[in-house]
Each structure stands twice: as structure tokens, then as C-alpha cells.
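Q: Take this structure, written in C-alpha cells, and hold onto it; I'll ask about it next.
The values are calculated or read from the model by the stated rules, or taken from the named source; none is laboratory data. Since the model is a prediction, treat every value here as computed from it, not as a measurement. Cβ: placed from backbone, ideal geometry, glycine included. Neighbour counts: every protein chain shown. The accessibility values were calculated without ligands, DNA or RNA, using every heavy atom of the protein model including side chains. Shrake-Rupley method; radii C 1.70, N 1.55, O 1.52, S 1.80 Å.
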Amino acid sequence: MLVSISSHAESSLQDRVEGLLAEMTLAEKIGQMTQAERQHATPEDVKKYYLGSILNGGGSVPGKNRRQDWVDMISGYQQAAQSTRLGIPILYGTDAVHGHSNVKDATIFPHNVAIGATRNPRLAHDIGVATALETAATGVHWTFAPTLCVARDDRWGRAYECFGEQPDLVSEFSGPFVKGLQGGGLNGNTIGQNRVIATAKHWVADGGTTYGTGDEGYAIDRGDTRLEFADLERLHIAPYLPALKADVGTVMVSYSSVNGTKMHEHKGLVNDTLKGDLGFSGFTISDWSALSEIPAETNRERVVRSVNAGLDMVMEPENWKEFISDLTDAVKAGEVPMSRIDEAVRRILMIKLRSGLFEHPVAPIALRADADMIIGNAQHRALARQAVRESVVLLKNEGGVLPIDKESRIFVAGSHANDIGLQSGGWTIEWQGKSGVETTGTSILEGIQDLAHRKVSYSADGTGAAGHDVAVVVIGEDPYAEGWGDYRPAPCEKCKPIGIGEDQRTVLDNVRASGVPMVVVLVSGRPLMIEEEISSWNSMVAAWLPGSEGAGVADVLLGDYAPTGKLPVTWPKKLSQIPINYGDKEYEPLFPYGFGMTY
Ligand code: GLC
């Protein structure tokens, strides 16, 4: 459905689309349907193969990862595209999923699970606006966000990318985030207004898969969601409706399956439901090399089944030439009708026109000499810090140890107290994220030090707490992304534990031995199994993955902000309860969905 464009403007856009389409060769049409990764395609390739889009994967960055390096790279691709016969500009896409999170010194916002804990959709809108500005300042036109998964199983490595476990909560954030990113509908000047095209992902039910059905060797990621249509609609389709109403430009299809059929070949849910019943008028994009996971004998067969199911643009980072060749052969052999190709290209061209890409091949902000000041600016960091404050959930506070008096003798311990990489999680500078990433921000310890009126002691291993008034132990999960974060009982490379590790127990033991009242801050993308440990903690807060502005956690701990966060997910008592979600018949969690205390 075309929104926010007058009917006259709409018909002229459609005339422009039809005019271009009528002139396009098959090679030019299939080129538009192809998205390659920046490390595997040059500007010359864009020109020679008429490529419609370029992306960067997580951690794949140009030059020294400065703003100008991004602008120079994208301008190079764009000049090549504009030098082709029809001069159709490329769209450049990236995963700006919690701020422009690949770029050094960009503002890193809390991950979506934390935003869900704020229960504040206005924040999501404003974060979308700020993210769009920092993204547009680098010349990027399109972000693969927001993720609209509904996190039904905490063992999934992508649970933190969801706003929560309940569809109505995810729905509250869906529309505002898209509107913030795009500046409302794609009104013909989105890029001209320094906004970006948004992506609702991953269609559909990526967060509802069954443990043990994971693909590519993962425990649950890319698995199979087994639901009757009514439940699929209620739980996983519902959050897309506000995004579609907000005129989201693209929808990324999920790696996962529904009732045994891979989403990337699911004609019923992609073509019939999304485009037909729900009237989605943008274009669908595949996930990274996702066609390769379709069970078929040849790549050509996989391409045929996916494009015929309704995939419009295919993210084939490395093997994009094979995609082009297989689709060309398939069209010539009548296996993919030209009408399907034309429909896909119409959708792509319409979004390029409605975003204002032809008038602004690079966003105006990207060409301003002072644009460097946009990246990680004070206003965006203040917004991120406010989001962190509102996301912190107070789960225990025996004896009112919190808020900490600023005159107290404060002792801080734990691996996650002084590490922006650990507090930001996955999709930060690197795909998987990591400890000690090089970027600007404040750690939780630095936040405490700034607010405290006395010198704050810090010892990572927790020794030396005796003699202090209070000990703050900051522990949690190591960063991960996608299936690498799936829980498995046995240690393995592509998996993570979901409780307190041995090394962190040692820190807790060292502090406990001192007898000093203990506040535990958990930095994690999901609930951790803490039932055995929590009884010896005086107080505990869930800080989730706060991003670059860890000071927001300190604002809550030292009383500058009384906690308002509410659990966006159920906190299980033990692993054997998972999956456990609000509304289950049997529901005896450690902390229920929606729980959160204040001072
Ligand atoms: C990844 C993710 C998807 C991301 C894409 C591009 O595999 O599944 O969320 O947008 O590839 O990085």
C-alpha cells in the first residue's frame, strides 16, 4: 500500500517505473534483483552486471572505518551505477541494528530486549531518528532493522534482538521504530531528509522455532516453527502489521522454516500472505546466502523455488554471479516467468523512487564537511543513556541496599564492569561483538566513578572488598550473534552457556567472603539461570546489553534515576522450564513477565 504520497505523485512514480521497465534488458532486470557484499563486488562489477544493491556484513568495514571512508566507498559504487545505460542508482544496506553499530565511535544504543524493558515506544522512535541520521551521514541508504522477532525460547542466540516474548509488546515498538528510521512513509524524499529505508525482519516466526531443529548445525537458530496458522498470526505475524502500516520499505525473509517448509521458498507466506493478504508494497530481500539452505539438488533449483515464492532481491554476498547466471537460465527456460521478474523489479524500482534515491544518490548530510560531528554526537549519547536508564530492571533489593549513597565507599568487581564491548553484545564493530572493542562510550564502572563522591575501588576478580560499604559485581554473558549464541549443554564453539560461569562464581565468592552487602548487575541478552546464586545477593538488576552509554546503569544504581524497567521476557527458575512464556498453563518462573521494582 502506498502511503503519504498523493495519488498524482503515485501515478507519475508508476509511470516512471513502467517507463524504466519497458527499456530494461533481462540482464538489467536480474541485476536489480541482485545484492552483493562489498568485499566481493567492485564498482566495475556494479556497472558490468547492473547490480541493484551492495551490503556489508557485520564487521565488514571500509578503510579505517571512518565516516568518510564509508562515504567514499558508497559514492564509488553509486558513480558506477549511474554510469550505466539507464543510470539506476544502487541501494547500500547495512545492519544498523542498535545504532550504526559497525562504525567506530557511533552511538551504540541498547539492544532491542532492553528497549522492550523500557515499555517506551517513543524512545524507539527517537532512537530510529538518531540511528538514521548517523547511518545517512556515512552514505548508507538502508538498514536491516528493526528485527520484529517474538522471543519464545531464551536458548535462541537472537533473543536479545527481539523486543520481548509477547507479540503485543513487540507490536508497540514496530511502527514507531520504522517511522523513526524512515521519517514516516517513503514520501519521495526519505534519503533527502537524511533518513533511511527500514527492514522488517525476519519474515516470519524466526523467534518461534523448536529447540533442536536448528539448521546449519545450530541448536535452534534457523529451525522450524510448528504452529497452526491462527497461532502463527497471533504470535508472529501481528508485530509486522504496525510496520506495514508505517510503510516499511523492505521485509527480510527468515532462514527458519514454518511447519517444515523453508521460509525462503514459502510461496504461501511470502507471496500470498505478505504481499497478497497484507498488501505489502515494498520488496522482499533474502537473508545472507539463505537460498543455499533450501533443500534442492542444484543452485538453479533453489533460485527458481525462491524467486517463484516471492523473493524480489537476493542477498548473495559472494556467489552473486552464480545467482545471476542461474536465474537468467531459469527465465530463458521458462522455469521463472518474466511476469515474476517484472513484479520483483517493479517493487525494487518503486522503493528506489519513493525513497528519493534517484534525486539523492547519497544523503545530503553525508556530503556536508561538518558531518563527522554527527557520528556519536552528545545528543544521541544522551538519548542512549536515557534508554539505558529506562531499560534497567530492578529484580531484588533486600535491605534497600539500592540506591547506593554517593558518599559510600564503593567497591566494583566483575568482568563486565569496565568493558564497552561486553556491555554492547553482538553486532558491535564486529559481527559477533567482542570484549574490548575499540569505540567511544562509558563503561558501567566509569559511570559509577563519575557519580560517586569518593574514589571507587575496582578489582575484576572481586578481591579487596572488605572495608567498603557496598560491592557492585557486574557479570554476564560474552557477546554473540545468531546461532553462535544458541544454548547447548556441552561447551562448543558455536554455542553459549545460559548461567553464571565458573570464573564469575569465583568473583561472587571473593566478594561474598568479605561480608560486604552485594549488588549484582547482570549484563546479558536474556535471562540467566541464577536461582542457586541469587539468595546470597542483597540486590540485583538486569542491565541487558546497554551499548556504549554504560553510565545509564550507574544513574540507576546511585539513585539519579529510580528504576522503571519491566521484564520483556519471563525469567525462568531453571533451564528445564524453557520455553516458558506468560500465558503458559504451567507458569512458575523466578520472575514473571512484566515484573520490575523501583525505589
Ligand atoms: C545475517 C542475519 C540478518 C542480517 C544479514 C546481513 O545472517 O540473519 O539479520 O541482516 O545476515 O548481515
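Q: Taking the conditions exactly as written (more than 14 Å from the ligand (Cβ to nearest atom) and either under 21 Å from Ala387 (Cα atoms) or at pLDDT 95 or above (or both)), does Ala200 satisfy them or not?
A: no
Q: On to the next question. Does at least one position in region 315-329 carry a residue that is farther than 27 Å from Ile429 by Cβ, open to solvent by less than 20 Å² (accessible area, probe 1.4 Å) and touching a strand residue (DSSP E or B) at 6+ places or on another chain (Cβ under 9 Å)?
A: yes
Q: With the checklist (1) farther than 20 Å from Trp156 by Cα; (2) of a type outside the set (Asp, Glu); (3) open to solvent by 30 Å² or more (accessible area, probe 1.4 Å); (4) part of a loop (DSSP other than H, G, I, E, B) in hand, flag the one item Phe280 doesn't pass.
A: (3) is the only condition that Phe280 fails.
Q: With respect to Ile429, is the statement that it is within 16 Å of the ligand (Cβ to nearest atom) and among the β-branched types (Val, Ile, Thr) true?
A: In short, yes.
Q: Here's something else I'd like to know. Val362 - would you say it is over 24 Å from Asn510 (Cα atoms), touching a helix residue (DSSP H, G or I) at 6+ places or on another chain (Cβ under 8 Å) and free of Cβ contacts under 8 Å to residues at least 40 places away in the same chain?
A: no
Q: Go through the residues of region 503-516 one by one and say whether even a single one is more than 16 Å from the ligand (Cβ to nearest atom) and within 30 Å of the chain's Cα centre (by Cα).
A: So far as region 503-516 goes, yes, one or more of its residues are more than 16 Å from the ligand (Cβ to nearest atom) and within 30 Å of the chain's Cα centre (by Cα).
Q: Checking Thr25 against (1) among the hydroxyl-bearing types (Ser, Thr, Tyr); (2) touching a Lys or Arg at 6+ places or on another chain (Cβ under 9 Å); (3) within 24 Å of Thr199 (Cβ to Cβ): exactly one of these is not met. Which one?
A: The one condition Thr25 does not meet is (3).
Q: Can you tell me how many residues within region 185-208 are open to solvent by 20 Å² or more (accessible area, probe 1.4 Å) and either basic (Lys, Arg) or under 13 Å from Ile285 (Cα atoms) (or both)?
A: Total satisfying the criteria: 1.
Q: Sticking with this one: Looking at Gly356, Gly310, which is the one that is under 20 Å from Val204 (Cα atoms), more than 16 Å from the ligand (Cβ to nearest atom) and open to solvent by less than 30 Å² (accessible area, probe 1.4 Å)?
A: Sole residue among the options that is under 20 Å from Val204 (Cα atoms), more than 16 Å from the ligand (Cβ to nearest atom) and open to solvent by less than 30 Å² (accessible area, probe 1.4 Å): Gly310.
Q: In the set Ala230, Ala246, which member is under 29 Å from Ala136 (Cβ atoms), out of contact with any His (no Cβ under 6 Å at 6 or more places or on another chain) and either open to solvent by less than 10 Å² (accessible area, probe 1.4 Å) or at pLDDT 95 or above (or both)?
A: Every option except Ala246 fails the conditions.
Q: Also: Which of the helices (runs of 4 or more DSSP H) found entirely inside region 1-97 contain at least 2 residues meeting this: buried (at least 21 other Cβ atoms within 10 Å of the Cβ) and modelled with pLDDT of 95 or more?
A: Those helices (runs of 4 or more DSSP H) span 26-32, 67-82.
Q: Something else about it: Is it fair to say Ser12 is over 16 Å from Lys352 (Cβ atoms) and not charged (D, E, K, R)?
A: In short, no.
Q: Name the pairs whose Cβ atoms lie under 7 Å apart, with the first residue in region 190-201 and basic (Lys, Arg), the second more than 16 Å from the ligand (Cβ to nearest atom), and 6 or more positions between them or separate chains?
A: Matching pairs, first to second residue: Arg195/Ala132; Arg195/Ala136; Arg195/Gln182; Arg195/Gly183.
Q: State the number of residues belonging to region 285-294 that are among the acidic types (Asp, Glu) and either part of a helix (DSSP H, G or I) or more than 15 Å from Lys262 (Cα to Cα) (or both).
A: So the count comes out to 1.
Q: Please tell me if Leu422 is in contact with an Asp or Glu (Cβ under 8 Å, 6 or more places away or on another chain), in a helix (DSSP H, G or I) and open to solvent by less than 20 Å² (accessible area, probe 1.4 Å).
A: yes
Q: With respect to Ser286, determine if the residue is surrounded by fewer than 19 Cβ atoms within 10 Å (Cβ to Cβ), within 25 Å of Thr34 (Cα to Cα) and within 16 Å of the ligand (Cβ to nearest atom).
A: No; evaluated as a whole, the condition is false for this residue.
Q: Among the residues of region 574-599, write down those that are in a loop (DSSP other than H, G, I, E, B), open to solvent by 60 Å² or more (accessible area, probe 1.4 Å) and under 16 Å from Ile498 (Cβ atoms).
A: Lys574, Pro579
Q: From the list Tyr240, Tyr255, pick out the single residue that is open to solvent by 10 Å² or more (accessible area, probe 1.4 Å) and not charged (D, E, K, R).
A: None of the others qualify; the one that does is Tyr255.
Q: Limited to region 202-219, what total is found for residues that are in contact (Cβ under 8 Å) with a residue 40 or more places away in the chain, at positive phi and not acidic (Asp, Glu)?
A: 2
Q: Would region 124-131 turn up any residue that is open to solvent by 10 Å² or more (accessible area, probe 1.4 Å), among the β-branched types (Val, Ile, Thr), on the phi < 0 side of the Ramachandran plot and in contact with a strand residue (DSSP E or B) (Cβ under 9 Å, 6 or more places away or on another chain)?
A: no
Q: Continuing with this model, one more query. Taking region 109-137 as the region of interest, how many residues are more than 16 Å from the ligand (Cβ to nearest atom) and over 26 Å from Val556 (Cα atoms)?
A: 5
Q: Shifting gears a bit: Please state which one of Ala413, Ala378, Ala387 is open to solvent by 10 Å² or more (accessible area, probe 1.4 Å), at pLDDT 95 or above and of a type in the set (A, V, I, L, M, F, W, C).
A: Ala378 is the lone residue from the list that is open to solvent by 10 Å² or more (accessible area, probe 1.4 Å), at pLDDT 95 or above and of a type in the set (A, V, I, L, M, F, W, C).
Q: Wholly within region 456-563, which strands (runs of 3 or more DSSP E) include no fewer than the required count, namely at least 3 residues that are crowded, with 24+ Cβ neighbours inside 10 Å?
A: 470-476, 518-523, 539-542
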